[in-house]
1. Return the pairs, sorted by first residue and then second, in which the second residue is not in a helix (DSSP H, G or I), the first residue lies in segment 506-533 and is at pLDDT below 85, the beta carbons are less than 6 Å apart, and the residues are 6+ apart or on different chains.
2. Considering only residues that are among the charged types (D, E, K, R) and under 27 Å from Gly369 (Cβ atoms), which ones fall in segment 283-329?
3. Looking at segment 69-98, I want the residues that are surrounded by fewer than 18 Cβ atoms within 10 Å (Cβ to Cβ) and have a partner that is among the aromatic types (Phe, Trp, Tyr) and outside any helix (DSSP H, G or I) with Cβ atoms under 9 Å, at least 6 apart or on another chain. Which pairs are those?
4. Does segment 167-175 contain at least one residue that is outside any helix (DSSP H, G or I), surrounded by 24 or more Cβ atoms within 10 Å (Cβ to Cβ) and either modelled with pLDDT of 90 or more or out of contact with any Gly (no Cβ under 6 Å at 6 or more places or on another chain) (or both)?
5. Among the residues of segment 257-310, write down those that are under 30 Å from Val384 (Cα atoms), of a type in the set (A, V, I, L, M, F, W, C) and at pLDDT 80 or above.
6. Restricting the search to segment 119-176, which residues are in contact with an Asp or Glu (Cβ under 7 Å, 6 or more places away or on another chain) and of a type in the set (Asp, Glu)?
7. On the given criteria, is Leu26 surrounded by fewer than 12 Cβ atoms within 10 Å (Cβ to Cβ) and at pLDDT below 90?
Amino acid sequence: MPFNAGTQVRRWVLWVLLVVLVLSMLSTLVWLAGRYEVSQVQSRLERDAADAVGDIRTALTRNVQSLQALQYADRAATPWEQDAHTLLREHREWLRLELRDTELRVLKSIDTSFRAPVFNRFGRAANQPEVVQACGVARRQSGPGYGASTYVPQADGLGLEIMDLCLPVITDGQLTGYTVATYSLGEMLVNMVGPQLTRSQEVSFTESDGTRLAMHGTARRGSRVFIAKQLLDLPGHTMVLRMDSWRGAPDLFPNVLTALVTAMAIALVTVLIMLARDMRRRQRVELDLADALAFRKAMEDSLVTGLRARDNEGCITYVNPAFCEMVGFEAKELIGRGIPAPYWPPEMVDEYGQRQALRLAGNAPPREGVESVFMRKNGERFAVMIFEAPLINALGEQTGWMGAVLDISEQRRVEEVSRASQERLQATARLATVGEMASLLSHELNQPLAAISSYATGSMNLLQEAAVKDPQLAETLSSAIQRIGQQAERAGKVIKSVHDFVRRRDQAREAVTPRALLDDVMPLVILQARKLGVRVVVQCPPDLPTVWCDRTMVEQVLLNLSRNGMQAMADDTPNKVLTLSVRPAASNAISRWLEFSVADLGQGIPEGVSEKLFTPFFTTKEEGMGLGLSLCRTVVEQHGGFLGHRPNTPRGTVFSFTLPQSSPET
């Protein structure tokens with residue numbers, strides 16, 4: 001192979017392109033990992049903000065219930081002031097409780113004991129408009145009403161952002177007054193938002209223009225801020241809950257996977273550099289070998305003796321020009337050809353094959369001449385004398401045989417005439433054998449042809465009977481015609497044989513409705529069902545409660561069971577129907593579970609297979625890995641449920657699993 005500067009430049013360009021490609025892939029991977037990390041942080045912050053709003057709404061609802069209990073308490077047993085003091089001790093977010101008449105005049109009031117009274121400096125009248133607003137909403141809705149938040153200065157130079165809750169007092173169907181509770185927005189964040197949400201983040205109430213009213217949580221500790229906002233819509237007033245999370249700039253290696261791939265890429269680049277150095281050394285060696293090969297080729301081309309090299313399997317690996325001229329074939333027509341060789345006379349293939357097998361097995365003495373007959377490309381035979389010796393490589397191992405071939409046709413002209421006569425006799429015997437074989441094959445063909453004739457006659461008779469007797473004979477006729485086709489195919493194979501004789505997550509659980517789980521997997525199930533001709537039926541009552549689960553993993557369980565069910569129904573299964581249903585479990589009244597089931601109309605599960613069905617790496621599919629059902633059971637058991645199967649009626653199998661209902665606390 002010739003080498004020049006252009007070839008080396010092309011190789012260097014390819015190496016540079018490969019290194020650039022690896023570095024580009026690594027940079028892209030790091031960038032994508034950083035983007036993914038940012039999106040994950042923002043998603044978690046959005047979920048935390050939604051959870052915080054939910055906690056506040058739940059706490060406000062409980063507070064309204066406490067105020068209602070205060071209104072309906074038996075005043076003969078406990079004074080209002082005593083109950084109010086008790087509520088203020090239990091709810092630190094309340095600064096003041098007031099009992100007012102229908103004209104909003106204060107009848108009774110109690111301040112919290114955890115701080116100085118907030119209205120001592122400027123009085124309560126300054127906040128009257130907000131109270132009027134809150135009580136107006138409460139009167140119109142006959143329920144709790146909230147006033148706009150307002151700032152109240154304090155004696156220490158600071159102040160509080162407060163909000164009033166007004167609850168109407170109804171006696172015998174008539175409005176008799178109002179109960180007013182004053183909230184501290186800062187205390188609401190402290191007492192109503194879970195500590196796990198404020199441990200590493202800051203939560204605050206803001207106006208619609210972004211002005212912060214109150215805040216609570218961890219101070220800023222990073223250079224990058226993530227913000228999530230949620231509306232807190234209350235009767236009569238709406239606020240914005242803002243959650244801030246600070247963190248440093250993304251690391252160069254955001255996660256372990258990226259670091260691992262980076263290490264592998266660096267190792268790959270190192271290997272590439274080592275290969276490049278090795279290639280340079282190999283190029284120098286190849287140049288030396290090319291010179292030696294050119295010298296050897298010139299020497300071999302000058303010989304009049306044919307040279308032929310073969311490997312241990314008898315395939316030709318080298319021939320010189322003298323050998324090619326001797327047999328009339330080009331080198332490319334001979335190299336790679338095995339037994340029989342193209343220059344072997346056809347009538348001597350068996351003999352040469354046996355003799356060649358003995359020689360390649362090492363049973364023939366080396367350097368001993370063997371007389372033989374070769375055939376030129378034009379069909380002319382000529383006598384040769386072959387000398388062969390083992391071909392030993394640089395490691396001392398035999399890799400084949402090297403032979404020298406001499407043309408002795410002139411010396412064997414007389415023997416050739418006798419040999420030609422013998423060949424003609426052998427050809428005659430061969431033709432006789434062909435004739436006998438043809439007779440035998442024709443006898444064999446009579447049987448399938450007779451069967452074809454018989455089936456055809458029977459089909460005609462059945463057609464005549466079907467026209468007058470029973471139309472259901474069409475199925476029998478179809479079987480007979482199918483057998484005719486099989487026999488015809490057999491006859492075709494026999495004819496071809498005669499012709500040949502002559503010519504291969506972190507889990508994130510949430511409350512999800514069963515219908516939502518089914519709707520998410522239905523597009524993939526329907527796509528598979530259309531390919532397999534399966535009709536899918538879904539039975540899910542709309543009033544079922546939600547389940548507490550990892551949505552993605554449970555959807556994978558449903559999809560895997562659905563695919564297994566559709567694949568279990570063979571093409572000849574009548575009325576292929578896959579049924580997905582959800583219902584309360586048998587023990588629902590005690591443990592609150594829902595049962596999901598996937599039913600097919602396949603052949604069912606044999607008893608021996610049923611015992612190992614959920615065993616890892618056990619599968620009945622040719623291309624399966626045996627992990628699908630094992631993983632499904634693991635997912636269900638992680639949710640505290642159970643995955644099992646039972647026979648279907650009238651046929652097939654029902655796979656079912658249970659999931660827990662979501663409780664109000666979750």
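1. Gln507/Asp550; Arg509/Trp548; Arg509/Cys549; Arg509/Asp550
2. If we filter segment 283-329 for residues that are among the charged types (D, E, K, R), which is where we start, we get 284, 286, 288, 291, 296-297, 300-301, 308, 310-311, 313, 325.
Passing the criteria: Arg296, Lys297, Glu300, Asp301, Arg308, Arg310, Asp311, Glu313, Glu325.
3. Arg89/Phe114; Arg92/Phe114
4. Restricting attention to segment 167-175, the residues satisfying the condition of being outside any helix (DSSP H, G or I) are 167-175.
With the extra rule that they be surrounded by 24 or more Cβ atoms within 10 Å (Cβ to Cβ), the set shrinks to none.
Looking for residues that are outside any helix (DSSP H, G or I), surrounded by 24 or more Cβ atoms within 10 Å (Cβ to Cβ) and either modelled with pLDDT of 90 or more or out of contact with any Gly (no Cβ under 6 Å at 6 or more places or on another chain) (or both), one finds none in segment 167-175, hence no.
5. Hits for segment 257-310 are Leu293, Ala294, Phe295, Leu307, Ala309.
6. Within segment 119-176, Glu130, Asp164 meet the criteria.
7. Working: surrounded by fewer than 12 Cβ atoms within 10 Å (Cβ to Cβ): no; at pLDDT below 90: yes.
The answer is no for Leu26.
Yes/no matrix, rows are residues, columns are (1) in contact with a strand residue (DSSP E or B) (Cβ under 8 Å, 6 or more places away or on another chain); (2) among the acidic types (Asp, Glu):
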site: Met522; (1), (2): yes, no
site: Ile526; (1), (2): yes, no
site: Leu532; (1), (2): no, no
site: Cys540; (1), (2): yes, no
site: Val547; (1), (2): yes, no
site: Glu555; (1), (2): no, yes
site: Pro574; (1), (2): no, no
site: Leu578; (1), (2): yes, no
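The values are calculated or read from the model by the stated rules, or taken from the named source; none is laboratory data. Remember, it's a predicted structure, so these values are computed and weren't measured experimentally. Note that we place each Cβ from the backbone using ideal geometry, even for glycine, and neighbour counts take in every protein chain shown.
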